[in-house]
Amino acid sequence: MEKSGTQTPLTLAAAQAVRTYAATTRSALGTAESPVISYAGLWLLLASLAPVAATETDEILGLNRADARAAALRLLEAPHPTIGAAVAGWLRPGVELKKGLPVVLDPLPGQAGLDAWAEENTRGLIKEFPLEIDAQTLIVLASALVVTPRWSEPLDDDGKGLLLLEGGFQAVVETEAAGPVAVACPASEDGISVYSVIAADGVAAEDVWRAAEEVVRRIDAGEVRNHTFDPGGQKRGHAWTVEEVSVFGGAPSDRWRSHLPEWAAEDRHDLSAAPGVAEIARGVMAAVEEESEAACVQKAVASYDREGFEAAAVTGMMVRAAAAPRETKVRQIDLRFDRPHAVVAVARGGAWEGIPLFDSWVTPA
C-alpha cells in the first residue's frame, strides 16, 4: 500500500495513459468479464513500438510517440521488487528491413525458443508463447509482464470455504459508477496493491470496473481511508453486514473482516482489434514488406491464495508474409447441361433422409 519514490511528470502521465487505455480497450473489445487480461502488457508492447506509428499516438496510447516510447523504456529499466517486464523482437534470418524498428531484433528461433522466452520472463507461470510461428513468419515482437506479491501475513481460513482477511485495507465506499461497493486489499510489502471490489448484484461489469477505478483514484488522493464506511449506517448491504460482537482486551474499535475466494484463471485474447494495434502493426509491416499481415495475441494467467497473488501475461505480435498464390497443374473437367435434363431435390437428415422432395425436368431455352 505504500508509495515509494518521487513520481515524475512522465511517471504520472504513463500511469494515467495505461489506466485510460485499459478502460478504452475493455470497452472496445468487450472484455469486462474476461477471467484475466493485461492491458498494461499490451500497452507496453505498443508504446515500445510507438515511433513506427504512421500518426501521433496521443489519442490511442495517451502519450505522443516519443513520450510513449520513453515511458515504456522507463518502465522496462526501472527496478521493482516484484514486477518483471520485458520486450523483445525476433527477425527471420534472410529478411531485410526497409527501415529500422525501435527494438533490438534477434534471429527468430524455433517455437521452443519462443516458449523458453515466455517461461523465463514470466517466472515459469506461462510456458508457451501465445503465437505459433511457421514458414511465413517474418518478425515476432513480444512483451512479458509478471507480478508475484506476497501478503505481509498469510490469510486465514474462515471455516466456510473462503479466505479471511482481518488486516490490510477494507472499506465500503459510495461510488458514482456503481453505488456502494465493498473493497478489500491484503497488506503487502512488495509494492503491489491487489484490490477486490464488489458491487451489488445486477450492476454491469463495465460499471464495476469504473467503480474500481474511482475507488483506487480516491484512495490515492487520500479521499478514501482504511475502514471507511460510507453508506449511512446501513447494517446490511449487498456485500456486508454490521453487528455488535464482544471482544476482550484493547481499546474499543471497529473490527473489519473480509471473506475472499481463493481463485485461479487463465485466458487467451486475440488483440488484433485492440486500439492502437492496427496503427503500430502497419508501421511494423512497412518495415518488413508491403505484402504482409499481422496478428496480436495475449496469453494471461493469475491466481489469488492465502499466501499472495501472482499474474503474468505474454503479448505477441507476429507479421507474416501474405501467402502468394502457387501455380498448380490440375485436370480441368467441364460439365455442360445445355440439353434437357432432370433435377431432383432430396431431403437430408432425420426421418426425411433421402426422400426426393421435388423432381424437375429442365429444358434449356
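The values are calculated or read from the model by the stated rules, or taken from the named source; none is laboratory data. A quick note: this is a predicted structure, and the numbers were derived from the prediction, not measured. Backbone-built Cβ (ideal geometry, glycine too); neighbour counts: all protein chains shown. Each accessible area value is taken on the protein alone, full model and side chains, heavy atoms only, with ligands, DNA and RNA left out. Shrake-Rupley method; radii C 1.70, N 1.55, O 1.52, S 1.80 Å.
Is it the case that the stretch 289-296 has a residue that's modelled with pLDDT of 90 or more and closer than 18 Å to residue 47 by Cβ? Among the residues of the stretch 289-296, at least one is modelled with pLDDT of 90 or more and closer than 18 Å to residue 47 by Cβ, which makes the answer yes.
For the stretch 115-146, what are the residues that are in a loop (DSSP other than H, G, I, E, B) and within 15 Å of residue 88 (Cα to Cα)?
As a first pass, look at the stretch 115-146 and keep what is in a loop (DSSP other than H, G, I, E, B): 122-136.
Selection gives 122, 129, 130, 131.
From the list 245, 194, 208, pick out the single residue that is within 25 Å of residue 161 (Cα to Cα), modelled with pLDDT under 90 and not acidic (Asp, Glu). Only one candidate passes the filter, namely 245.
In the stretch 117-129, the residues that are more than 18 Å from residue 269 (Cα to Cα) form Cβ pairs under 6 Å with partners that are modelled with pLDDT of 95 or more and surrounded by 15 or more Cβ atoms within 10 Å (Cβ to Cβ), at six or more places apart or across chains, as follows: 121/86; 121/144.
Can you work out which of the residues in the stretch 93-108 that are in contact (Cβ under 8 Å) with a residue 24 or more places away in the chain and more than 26 Å from the chain's Cα centre (by Cα) is farthest from residue 289 (Cα to Cα)? That would be 100.
Can you tell me which residue among 112, 66, 54, 88 is in contact (Cβ under 8 Å) with a residue 12 or more places away in the chain, more than 30 Å from residue 184 (Cβ to Cβ) and assigned to a helix (DSSP H, G or I)?
One residue alone meets the criteria, 66.
Among the residues of the stretch 176-195, those that are open to solvent by 10 Å² or more (accessible area, probe 1.4 Å), more than 18 Å from residue 311 (Cβ to Cβ) and assigned to a strand (DSSP E or B) comprise 179, 180, 182. Note on the stretch 145-163: among residues that are of a type in the set (A, V, I, L, M, F, W, C) and touching a Leu at 6+ places or on another chain (Cβ under 9 Å), the one that is most open to solvent (accessible area, probe 1.4 Å) is 162.
Screening the stretch 196-238 for residues that are of a type in the set (A, V, I, L, M, F, W, C), touching a residue at least 60 places away in the same chain (Cβ under 8 Å) and surrounded by fewer than 18 Cβ atoms within 10 Å (Cβ to Cβ) and picking the one that is farthest from residue 29 (Cα to Cα) gives 204. For the stretch 77-91, the set of residues classified as open to solvent by 40 Å² or more (accessible area, probe 1.4 Å), over 23 Å from residue 53 (Cβ atoms) and more than 18 Å from the chain's Cα centre (by Cα) consists of 78, 79, 80, 81, listed by residue number. Just one of the listed residues (33, 56) is modelled with pLDDT under 90 and either under 16 Å from the mean Cα position of the chain (by Cα) or not hydrophobic (A, V, I, L, M, F, W, C) (or both), namely 33. When residue 104 is tested against (1) at positive phi; (2) modelled with pLDDT under 95, only condition (1) is not met. Of all residues in the stretch 127-141, those that are farther than 25 Å from residue 301 by Cβ and open to solvent by less than 40 Å² (accessible area, probe 1.4 Å) total 2.
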